[in-house]
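The values are calculated or read from the model by the stated rules, or taken from the named source; none is laboratory data. Given the structure is predicted, the values throughout are model-derived calculations rather than measurements. Positions of Cβ are generated from backbone atoms using ideal geometry, with glycine treated the same way; all protein chains shown enter the neighbour counts. These area figures cover heavy atoms from the full protein model, side chains too; ligands, DNA and RNA do not enter into them. Shrake-Rupley method; radii C 1.70, N 1.55, O 1.52, S 1.80 Å.
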Amino acid sequence: MRRSWYVAFLLVPVLAVMLFLVLPMVVSILPTFTRPTFGLGNYLRFFSDEFNRRILYRSLRLSLITTLGCVVLGLPTSYYLSMLDERRRQILHSVILFPLLTNAVVRGFAWIAILGRNGLLNSLLSRLHLIQAPVQMLYTEGAIVVGSIYLFLPVMVSTLVPVMERIGSETVEAAETLGAPPVATFFKVVVPMSFSGVLIAAVMVFAGTISAYTTPTLLGGSKNMMLATLLYQQSDTLANWDAASLLSCVMILCSLGVMKLFDVVAARLDKRG
């Protein structure tokens, strides 16, 4: 009787996952192998097209740069927050997470006001007599990276802070007692012990960046199209649902491939440590 109750309790979430997660994914991916003919022809045509390859390469490159930037900025920030007392940590953590409460479109327009030809940054550089004419910063790949880091850095920090807290101040104090300077303690003790959290956060940032639509559209423009903007064009503008399904599957494969790459890199770094 007790076993039947366990089965009943497990059956409901399993059916929910199958209905709301697995089934929509199968329905989306299946046409890429069956239309117009069965096989991998759609994928071969996609990767043989230079335009598609260029967009795929740009998406992977900018997503990896964004992930690396979030790791470089997020690791010391989360470590600093974990070393603060409870009150100050909560205040600063709330400040870091505050941008997540704002719509991505609003944040994108804010960066347009900063990076535009007549924006805040160009005006500041002009007043300091560092430039003679406005610099083209908006509608570039750099603008996409800056906007994406701003968008996903709170995700990186909020994921790493609990990891840093679990390391504990006792471990850091032990390293310092043995004569390790603060910089060496951070890179040789804190960073290796936070590999698992960094891996999870990096995958979240990469998957979010490669699938983001608003930020690349507002800050990159039509000349710097990424996979998400191409998917939106195929589905909403051209109503080409088969091409949109193919693009979504390519994005999933990219995320899985990068996840495996991060896992391999983390495993090698753990062996070195």
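Evaluate the stretch 177-189: report whether one residue or more is modelled with pLDDT of 80 or more and touching a Phe, Trp or Tyr at 6+ places or on another chain (Cβ under 8 Å).
Yes - at least one qualifying residue is present in the stretch 177-189.
May I ask you to list the residues in the stretch 222-231 that are surrounded by fewer than 17 Cβ atoms within 10 Å (Cβ to Cβ) and either aromatic (Phe, Trp, Tyr) or modelled with pLDDT of 85 or more (or both)? Please lay out each step first, then the result.
The first filter runs over the stretch 222-231 and keeps only residues surrounded by fewer than 17 Cβ atoms within 10 Å (Cβ to Cβ), leaving 222-223.
Passing the criteria: only LYS223.
Which of (1) over 16 Å from the mean Cα position of the chain (by Cα); (2) part of a helix (DSSP H, G or I); (3) surrounded by 13 or more Cβ atoms within 10 Å (Cβ to Cβ) is the odd one out, the single condition VAL135 does not satisfy?
(2)
What number goes with the only condition from (1) open to solvent by 70 Å² or more (accessible area, probe 1.4 Å); (2) out of contact with any Phe, Trp or Tyr (no Cβ under 9 Å at 6 or more places or on another chain) that SER59 does not pass?
Unmet condition: (1).
Looking only at the stretch 191-214, count every residue that is open to solvent by 10 Å² or more (accessible area, probe 1.4 Å), out of contact with any Phe, Trp or Tyr (no Cβ under 7 Å at 6 or more places or on another chain) and in a helix (DSSP H, G or I) and tell me the total.
Count: 10.
Would you confirm whether any residue within the stretch 229-241 is within 30 Å of SER78 (Cβ to Cβ) and assigned to a helix (DSSP H, G or I)? Outline the logic, then answer.
In the first step, residues of the stretch 229-241 are kept if they are within 30 Å of SER78 (Cβ to Cβ); the result is none.
No, there is no match, as no residue in the stretch 229-241 is within 30 Å of SER78 (Cβ to Cβ) and assigned to a helix (DSSP H, G or I).
Within the stretch 41-48, identify whether any single residue is open to solvent by 50 Å² or more (accessible area, probe 1.4 Å) and either in contact with a Gly (Cβ under 9 Å, 6 or more places away or on another chain) or not in a helix (DSSP H, G or I) (or both), and answer yes or no. Give the derivation first.
Narrowing the stretch 41-48 to residues open to solvent by 50 Å² or more (accessible area, probe 1.4 Å): 44-45, 47-48.
Going one step further and asking which of them are either in contact with a Gly (Cβ under 9 Å, 6 or more places away or on another chain) or not in a helix (DSSP H, G or I) (or both), we end up with none.
Within the stretch 41-48, none of the residues are open to solvent by 50 Å² or more (accessible area, probe 1.4 Å) and either in contact with a Gly (Cβ under 9 Å, 6 or more places away or on another chain) or not in a helix (DSSP H, G or I) (or both).
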